[in-house]
Structure formats: C-alpha cells, structure tokens
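Participant: Take this structure first; my questions come after.
The values are calculated or read from the model by the stated rules, or taken from the named source; none is laboratory data. Model, not experiment: these values are computed from the prediction. Glycine gets a Cβ as well: all are built from the backbone with ideal geometry, and neighbour counts include every protein chain shown. For the accessible areas, the whole protein counts, side chains as well, though only heavy atoms, and no ligand, DNA or RNA atoms are used. Shrake-Rupley method; radii C 1.70, N 1.55, O 1.52, S 1.80 Å.
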Amino acid sequence: MNETAPLRARAEIDLAALRANVQTLRAHAPSAALMAVVKSDAYGHGAVPCARAAREAGATWLGTATPEEALALRAAGLPGRILCWLWTPGGPWAQAIEADLDVSVSGLWALREVIQAARDIGAPARVQLKADTGLGRNGCQPADWPELVAQALRAEADGLITVTGLWSHFACADEPGHPSIQAQLTRFREMVTYAEERGARPEVRHIANSPATLTLPESHFDLVRTGIAVYGVSPSPEIGTPADFGLRPVMTLSASLALVKHVEGGHGVSYGHHYITPGETTLGLVPVGYADGIPRHASGTGPVLVGGKLRTVAGRIAMDQFVVDLGGDEPEVGAEAVLFGPGDRGEPTAEDWARAAGTIAYEIVTRIGTRVPRVYLKVNDEQNG
C-alpha cells in the first residue's frame with residue numbers, strides 16, 4: 001500500500017532502511033550467507049515487500065516459521081531458497097516439495113511424513129535436520145539424533161530427500177557470556193560432526209540468530225538467520241541500541257488525532273478513571289487501541305509524540321482508542337500522533353514502548369494489527385508494480 005492521504009493510523013515501512021540493515025548484517029558475517037527471517041508477516045512489517053527488499057540487499061535465503069507463510073511467498077513470486085520450520089502432523093509436505101521449499105525436520109514423525117510425500121509425488125524433498133542443542137523447544141534431542149540421521153541418510157540414498165542443512169537455535173545469545181552459549185556451540189559441533197562422519201553433506205550449517213550474528217562470530221558457520229535485526233530493532237538492548245549495531249528501525253507507527261477538547265480539573269479519563277486530570281487541560285484522542293496491537297499493559301505509561309512534545313497515555317488503553325493529556329496545548333484535529341519510530345524527531349521507539357509495557361520490542365512491532373495499513377516508503381519500480 002502506498003498512500004499519502006491522512007489515515008486513521010499508519011505504519012510506515014522504510015524499505016531503504018531495511019535494505020541497509022541487511023547490508024550491515026552481511027558485513028557482520030562476511031563469510032556466511034544471510035537468511036532474512038520474514039515469519040509473522042515479517043514481524044508485522046509485511047512479508048512480501050520486506051522479502052523482496054531483503055533479496056535486493058543480498059539475502060540469499062528467506063526464513064518462515066510455518067509452511068503456509070513460505071507457500072505465500074512462492075505464490076507472490078519470490079524466488080530462491082526458503083526454509084520453513086514449524087510443522088505439525090498432516091502439514092502440506094507435498095505442496096512444499098512442489099514449491100521447492102526447504103523443510104525442517106526435528107523428529108522421526110516429520111521425516112516419515114516428508115518421505116511419504118516425496119514418494120507420492122515422485123520428487124525429492126529438500127530437508128534440513130534440526131538439533132536441540134539446549135533450547136528445549138523444537139529440534140531433535142542428542143539421544144535421538146543417531147536414528148534421525150540414519151533414517152534421513154537412508155532416504156537420501158533412496159533418492160527421496162536431499163539433506164540440505166543441519167541447524168539449531170540459541171537460547172541465550174542475547175546475553176553475551178551466558179554459559180549456555182558455548183555449551184550449545186559445542187553440542188552443535190558434535191552433532192554436525194556425527195552426521196557428517198556418517199555421510200551427511202549439508203549445503204549449510206547454521207545456529208546464529210540476530211544477536212549471535214552481531215556478537216558471536218564463531219557461531220556464523222555457513223549461514224546466519226537474521227530476524228528482528230533486519231527490521232532495525234536491537235535483539236539485545238542491554239548491550240546496544242540499534243544505532244550501536246549500525247541498524248535503523250524500519251517501522252514508524254502514527255495516528256491522526258480524532259478529537260481535541262477542553263476539560264476541567266478532576267475529570268476522569270477512560271475506563272476505571274485511573275487517570276484524573278490534575279487541572280484544566282486539553283485531551284487528545286488517539287484512534288488506535290489494543291485491537292490494533294497497542295499493548296493495554298502500557299496504559300498510563302506509553303509514550304506518544306504530539307505537537308513536538310512527548311506525552312503519556314492518560315488512563316487505560318481501550319480496544320480502539322486512548323487519550324493523551326495535552327496540557328493545554330491545542331493541536332488541530334487530524335494532527336499526527338507518533339507512537340514510535342527511529343527516534344530522529346524525538347519520537348519514542350519500539351523499545352520505549354516495550355519498557356512501558358514490560359515486554360520486548362519484538363512483540364511491539366509484531367503485534368501491530370491488520371487494521372493499521374502498511375505504507376511502504378522508498379519503494380523501487382518493481383515493488384510499485
């Protein structure tokens with residue numbers, strides 16, 4: 001969507017910033033290929049436009065959680081390698097094979113299903129074996145790894161699959177020095193060596209996510225998987241801002257004031273009257289709420305830039321709207337209220353909202369709902385078409 005008319009709300013997506021972020025991340029891992037992770041609609045930024053921009057900037061892989069997300073990228077004409085990793089029984093294995101996707105397998109049930117799908121359609125599947133090196137989520141436990149590897153290599157010998165990758169995921173890469181990091185690296189090397197000694201010839205071995213890409217060069221192997229950092233959000237705010245890592249936030253969320261009105265002191269504001277005006281003032285109505293992804297937990301604390309001044313959410317955030325106390329200022333109805341952006345104009349950042357809501361910036365950008373149009377800035381001719 002590329003509109004310039006005022007909107008109730010808009011999430012501006014700076015694709016030039018995204019391309020620059022990808023180039024910065026490539027420079028952090030010059031010996032590895034780069035995967036741009038575009039799961040969850042590119043962390044709320046729009047999967048297809050962001051995937052195209054990442055490709056243009058040199059990302060040679062795309063990553064999604066679900067196969068449906070990956071199939072949607074193919075349907076939109078996105079070429080090249082795409083890995084999807086979150087499967088459940090009965091998933092669209094055949095469609096994934098036909099769409100030339102790389103599929104991740106963490107257990108024997110999934111390997112059996114993808115082998116059967118390959119047999120049914122008469123085409124081999126590209127399979128990556130995921131190892132649980134200590135995160136405890138998806139991935140094959142070390143005790144079960146020998147059987148998974150053996151059966152995968154047997155299916156490869158039969159021409160039913162090609163083992164294209166061996167991979168894992170960190171638990172605490174955003175905490176440099178955490179003892180689990182080296183423990184997982186050691187375990188990953190051991191599990192990769194085991195598979196390769198038995199004949200596996202993966203194209204890529206990978207374990208580095210965004211924080212590891214930025215802070216842990218020894219984890220880069222053949223491929224780094226960059227998610228939140230692609231969108232200019234720091235994966236580890238305790239050790240660095242986006243600027244510290246050479247990144248720029250991609251999303252700016254704003255809304256048009258729907259009402260400005262005078263009220264007397266002692267006036268209750270929003271549900272429960274958790275905010276009472278301390279004196280005569282003006283209130284501004286911001287027409288977004290938790291149905292748009294604005295966290296209700298930031299009631300009374302969320303920062304907003306209106307008229308060049310930082311304001312704070314007054315009272316509870318409702319489903320469709322919230323109020324800011326303008327302190328007597330009288331901006332026009334329709335004036336811009338900026339919830340977050342890069343911070344260049346003094347506006348809050350997604351990290352500021354994360355602190356206000358007691359969460360992480362990943363959640364702030366990802367949860368912005370579909371009622372908020374995405375407006376793509378600095379779009380090239382191919383994407384305009």
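Participant: Say whether the condition of being touching a residue at least 60 places away in the same chain (Cβ under 8 Å), out of contact with any helix residue (DSSP H, G or I) (no Cβ under 8 Å at 6 or more places or on another chain) and in a loop (DSSP other than H, G, I, E, B) is met by at least one residue in the stretch 29-36.
Facilitator: Here is the first cut: in the stretch 29-36, the ones touching a residue at least 60 places away in the same chain (Cβ under 8 Å) are 29, 31-36.
Right, trim to out of contact with any helix residue (DSSP H, G or I) (no Cβ under 8 Å at 6 or more places or on another chain) and you get 31-33, 35.
Filter once more, keeping what is in a loop (DSSP other than H, G, I, E, B): 31-32.
Scanning the stretch 29-36 turns up at least one residue that is touching a residue at least 60 places away in the same chain (Cβ under 8 Å), out of contact with any helix residue (DSSP H, G or I) (no Cβ under 8 Å at 6 or more places or on another chain) and in a loop (DSSP other than H, G, I, E, B).
Residue by residue, here is whether (1) surrounded by 14 or more Cβ atoms within 10 Å (Cβ to Cβ); (2) of a type in the set (F, W, Y); (3) in contact with a helix residue (DSSP H, G or I) (Cβ under 7 Å, 6 or more places away or on another chain) holds:
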| residue | (1), (2), (3) |
| --- | --- |
| A75 | no, no, no |
| W85 | yes, yes, no |
| T88 | no, no, no |
| V105 | yes, no, yes |
| L111 | yes, no, yes |
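Participant: Give the residue, chosen from A117, A183, A171, A131, that is over 30 Å from G240 (Cα atoms) and of a type outside the set (S, T, Y).
Facilitator: A117
Participant: I need every pair where a residue in the stretch 255-281 that is open to solvent by 90 Å² or more (accessible area, probe 1.4 Å) has its Cβ under 8 Å from the Cβ of a residue that is of a type in the set (K, R) and part of a loop (DSSP other than H, G, I, E, B), sequence separation at least 6 or different chains.
Facilitator: Y271/R316; H274/R316
Participant: Under the condition of being outside any loop (DSSP other than H, G, I, E, B) and out of contact with any helix residue (DSSP H, G or I) (no Cβ under 7 Å at 6 or more places or on another chain), which residue from the stretch 49-62 is surrounded by the most Cβ atoms within 10 Å (Cβ to Cβ)?
Facilitator: The first filter runs over the stretch 49-62 and keeps only residues outside any loop (DSSP other than H, G, I, E, B), leaving 49-56, 61-62.
Filter once more, keeping what is out of contact with any helix residue (DSSP H, G or I) (no Cβ under 7 Å at 6 or more places or on another chain): 55, 61.
Values: R55: 18, W61: 23.
So the residue we want is W61.
Participant: Let me ask something else. Does any residue in the stretch 201-222 that is closer than 17 Å to A131 by Cβ and among the β-branched types (V, I, T) come within less than 8 Å, Cβ to Cβ, of a residue that is in a helix (DSSP H, G or I) and modelled with pLDDT of 95 or more six or more places away or on a different chain, and which pairs are these?
Facilitator: I207/Q184; I207/L185; I207/F188; I207/S219
Participant: Among the residues of the stretch 328-352, count how many are open to solvent by 60 Å² or more (accessible area, probe 1.4 Å) and either among the basic types (K, R) or out of contact with any Leu (no Cβ under 6 Å at 6 or more places or on another chain) (or both).
Facilitator: Count: 5.
Participant: Of all residues in the stretch 135-180 being open to solvent by less than 10 Å² (accessible area, probe 1.4 Å) and within 25 Å of the chain's Cα centre (by Cα), which is farthest from P217 (Cα to Cα)? Spell out the reasoning first.
Facilitator: Applying the first criterion (open to solvent by less than 10 Å² (accessible area, probe 1.4 Å)) to the stretch 135-180 yields 140, 145, 148-149, 152, 155, 161, 163-168, 170, 173.
Subsequent filtering for residues that are within 25 Å of the chain's Cα centre (by Cα) retains 140, 164-168, 170, 173.
Numbers: C140: 25, T164: 22, G165: 19, L166: 18, W167: 16, S168: 16, F170: 14, A173: 12 Å.
Per the stated criteria, the residue is C140.
Participant: What number goes with the only condition from (1) under 30 Å from V127 (Cβ atoms); (2) part of a helix (DSSP H, G or I); (3) in contact with a helix residue (DSSP H, G or I) (Cβ under 6 Å, 6 or more places away or on another chain) that E218 does not pass?
Facilitator: (3)
Participant: Answer yes or no as to whether T186 is out of contact with any Cys (no Cβ under 7 Å at 6 or more places or on another chain), surrounded by fewer than 21 Cβ atoms within 10 Å (Cβ to Cβ) and within 17 Å of G134 (Cα to Cα). Let's see the steps before the verdict.
Facilitator: Numbers: out of contact with any Cys (no Cβ under 7 Å at 6 or more places or on another chain): yes; surrounded by fewer than 21 Cβ atoms within 10 Å (Cβ to Cβ): yes; within 17 Å of G134 (Cα to Cα): yes.
Criteria met by T186.
Participant: Could you list, in sequence order, the residues of the stretch 221-251 that are surrounded by fewer than 22 Cβ atoms within 10 Å (Cβ to Cβ) and over 21 Å from C172 (Cβ atoms)?
Facilitator: Listed by number, the residues that qualify are D222, A243, G246, R248.
Participant: Any chance you could count how many residues in the stretch 293-315 are open to solvent by 20 Å² or more (accessible area, probe 1.4 Å) and part of a loop (DSSP other than H, G, I, E, B)?
Facilitator: The number of residues fulfilling the criteria is 5.
Participant: I'd like the full set of residues that are of a type in the set (D, E) and in a loop (DSSP other than H, G, I, E, B), limited to the stretch 89-126.
Facilitator: Passing the criteria: only D100.
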